[in-house]
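To start, the structure under review is shown below, and the notes come after it.
The values are calculated or read from the model by the stated rules, or taken from the named source; none is laboratory data. What you see is a predicted model; the values in this text were computed from it and never measured. Cβ: placed from backbone, ideal geometry, glycine included. Neighbour counts: every protein chain shown. For accessibility, only protein heavy atoms count, side chains too; no ligands or nucleic acids. Shrake-Rupley method; radii C 1.70, N 1.55, O 1.52, S 1.80 Å.
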Amino acid sequence: MAARRNDSVRIATSDQLIEIPWETSRQLRGRLLAAHLDALEDEFAAKGASAPIVIDLADKGPLLELVLGWIEDVGEEQAVALGGLLALRDALRADLLAPPDPPVSGGHGRS
């Protein structure tokens, strides 16, 4: 029997790639469903461990709120044990404080 090679899930933020254990990802998906963030949960389900999950700017606020609540529920020590939650919290906060610049159109400023 081969051991499972993909035992973690990667979440891409603007400038970081956060890795969380598979079991933590499963718990996160359950919390996403309970919070009625079905579209985001679908993204986790579709990608699994095969490719990084890219979080849209519109989903970062609700995901951060969910992660903050989870950390508050379990405490920081347990959040560290779950793996990746504090890094995900910090990356989401950074993205929301300084979102990436929008793509530049062909114009030279406003008229």
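Side notes on the structure shown:
- Evaluation of Ala46 against (1) under 19 Å from Ser8 (Cβ atoms); (2) in contact with an Asp or Glu (Cβ under 8 Å, 6 or more places away or on another chain); (3) of a type in the set (A, V, I, L, M, F, W, C) (one fails), failing number: (2)
- Pair list, Cβ < 6 Å and 6+ apart or interchain, from region 28-54 residues that are within 21 Å of Leu17 (Cβ to Cβ) to residues that are among the β-branched types (Val, Ile, Thr) and modelled with pLDDT of 90 or more: Glu43/Ile53; Phe44/Ile53; Lys47/Ile53; Ala49/Val9; Ile53/Ile11
- Every listed requirement among (1) of a type in the set (Asp, Glu); (2) modelled with pLDDT of 95 or more; (3) open to solvent by less than 20 Å² (accessible area, probe 1.4 Å) is met by Asp95 save one, (2).
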